[in-house]
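The values are calculated or read from the model by the stated rules, or taken from the named source; none is laboratory data. This one's a predicted model, so the numbers in the text were calculated from it and none came from an experiment. FYI the Cβ positions are ideal-geometry reconstructions off the backbone, even for glycines, and counts take in every protein chain you see.
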Amino acid sequence: MGGVSHSSLSPLPSSDRVDVAARLRDALLGASFTADGLLDLLGAPAYAALARSETVPALRATRGDTPLEALVRLFLLQQPVPQARVADVLPVEDCLDSGWLTGVGGDEVAATVDIRPYGGSDGEDWFIVSDLGCAVGGAGGIGSREEGVVLGVGGASTTLAGITVRTPVAAALDLGTGSGIQALHAAQHATRVTATDLNPRALHITALTLALSGAPAADLREGSLFEPIADDETYDLIVSNPPFVISPGARLTYRDGGMGGDDLCRTLVQQAGDRLNEGGYAQFLANWQHVEGEDWQDRLRSWVPRGCDAWIVQREVQDVTQYAELWLRDAGDHRDDPAEYQARYDAWLDEFEARKVKAVGFGWITLRRATAAEPSITVEEWPHPVEQPLGETVRAHFDRVDYLRAHDDAALLAGHFKLVEEVVQEQVGLPGAEDPEHVVLRQHRGMCRATKVDTVGAGFAGVCDGTLSAGRILDAIAQLVGEDPVLLRDRTPAQIRLLVEQGFLEPAV
Ligand SMILES: C[S@@+](CC[C@H](N)C(=O)[O-])C[C@H]1O[C@@H](n2cnc3c(N)ncnc32)[C@H](O)[C@@H]1O
């Protein structure tokens with residue numbers, strides 16, 4: 001994998017002038033150039049349209065002459081603005097000197113990068129820097145199709161930020177940092193943050209994002225995958241939203257891995273194990289191939305490095321045609337010459353055919369470095385809505401894995417459990433029927449799971465408030481339903497195990 005050329009992209013602001021970044025930040029905040037400020041100014045529909053790369057509603061909403069309107073036009077809409085107007089709100093000479101702004105003839109100035117307000121998880125006012133017109137979506141939006149273009153925050157970025165475990169740690173690594181969004185989040189709970197990218201322009205932009213957001217600088221390193229990391233360097237947290245797109249050629253650095261098939265994601269996962277400290281997490285978004293004659297879950301299990309527990313969730317599956325179309329559109333190829341579009345589409349299907357790929361899965365991979373002799377690997381499909389942020393849910397999953405690993409059936413029966421808050425019971429059956437056909441327990445938090453239980457399971461869960469041991473509850477249920485308590489104690493631990501594993505019940509301490 002070679003370096004990235006970006007000859008025709010515009011020069012970036014100086015990342016050395018942290019003093020100017022700090023003044024610019026103060027000025028932006030002073031003018032309410034924040035996520036909330038934008039929502040107030042633009043209104044929800046225009047604000048939402050911007051997130052779809054549609055600028056017309058925001059252009060219409062910023063025809064006035066307030067400082068905030070000038071900033072929106074400059075930094076979000078790529079409009080030149082009279083220098084005198086900008087001087088009322090920004091340190092304009094400093095911004096021109098250090099390259100945040102550039103003169104564009106007459107007495108107008110224009111931005112050199114997109115600056116997008118971004119609300120942190122604790123309400124912080126942050127700013128994400130990206131290439132002009134590339135704040136959202138793929139290169140086929142209003143942005144550039146230049147190879148080394150650096151995109152802002154997309155759905156994948158916020159998904160990864162949401163599932164990341166946010167316990168305080170000493171060292172975090174953001175691999176493939178792009179605009180720096182994951183590094184910015186990590187800087188809130190990691191003492192040291194290392195951010196890498198194959199694209200030097202991304203590292204530069206990450207430095208700008210961090211400085212403009214008032215976050216500490218990161219250790220920025222250029223190179224592919226773990227190449228920039230020394231053999232003996234390890235981390236408590238590794239995150240990566242990698243260029244996971246499975247494509248016939250590496251055209252766009254931000255999304256095409258440049259390795260065959262899903263090899264980039266596999267390599268990333270396999271190599272992460274050795275870079276993790278004991279108890280450390282590695283969290284990735286990934287795409288994986290569904291290959292004819294192969295179980296996709298086995299494929300993913302084979303990626304998990306030795307010494308790690310893993311939780312892999314497939315969120316979506318697309319057949320090869322949907323997949324090719326999605327990424328052709330992402331690059332704006334559908335707006336090209338139809339013959340060229342067809343040729344690209346054909347090449348994509350050729351590639352899949354050669355690899356016997358029938359579909360592509362998209363999802364989340366979390367590894368946790370463990371000491372257990374028998375690692376726990378869970379690979380599951382969960383395409384239903386979830387409640388982000390899920391970082392705490394991910395951490396709790398691995399706690400439960402530890403608990404279940406340490407408790408055999410006898411120990412489970414001696415244990416005390418509590419029904420997790422906001423779990424409800426639903427009875428499913430024909431209208432008017434006396435008894436339900438089955439009972440479903442449903443979570444309203446985290447993964448928002450639903451699971452079918454039998455009447456014993458439902459009764460058991462209902463009684464779990466931590467007071468009685470599981471065995472005592474089962475004995476009481478046995479008496480109630482007239483079942484042999486020994487048999488009930490024998491067959492129920494599997495169900496209890498599942499309810500704990502899926503987060504319906506938690507061990508009461
Ligand atoms: C999908 S973007 C993610 C950017 C950002 N971390 C986020 O979450 O929005 C992938 C990033 O990985 C970088 N990249 C591409 N190939 C890489 C490689 N082999 N090693 C490291 N980074 C790579 C790209 O330049 C791009 O910045």
For region 65-95, name all the residues that are farther than 20 Å from ARG17 by Cα, hydrophobic (A, V, I, L, M, F, W, C) and surrounded by 15 or more Cβ atoms within 10 Å (Cβ to Cβ).
LEU68, ALA70, LEU71, VAL72, LEU74, LEU76, LEU77, VAL81
Note on GLU227: of the conditions (1) near the ligand (Cβ under 8 Å from one of its atoms); (2) closer than 30 Å to LEU326 by Cα; (3) acidic (Asp, Glu), unmet is (2)
Pairs, first surrounded by fewer than 18 Cβ atoms within 10 Å (Cβ to Cβ) in region 17-41, second at pLDDT 95 or above and of a type in the set (S, T, N, Q), C-beta under 8 Å, six or more apart:
ASP40/SER32
Which numbered condition THR321 misses (of (1) over 25 Å from VAL165 (Cα atoms); (2) touching a strand residue (DSSP E or B) at 6+ places or on another chain (Cβ under 9 Å))
(2)
I want to confirm something. Restricting to region 141-189 and keeping residues that are away from the ligand (no atom under 13 Å from the Cβ) and touching a strand residue (DSSP E or B) at 6+ places or on another chain (Cβ under 8 Å), which single residue is farthest from GLY280 (Cα to Cα)?
ALA187
Cβ contacts < 6 Å: first residue within 27 Å of VAL149 (Cβ to Cβ) and part of a loop (DSSP other than H, G, I, E, B), restricted to region 222-250; second residue of a type in the set (Lys, Arg) and more than 8 Å from the ligand (Cβ to nearest atom), any location; separation 6+ or different chain. Result?
PRO228/ARG221
In region 190-214, which residues are among the aliphatic types (A, V, I, L, M) and either within 11 Å of the ligand (Cβ to nearest atom) or in a helix (DSSP H, G or I) (or both)?
ALA195, LEU198, ALA202, LEU203, ILE205, ALA207, LEU208, LEU210, ALA211, LEU212
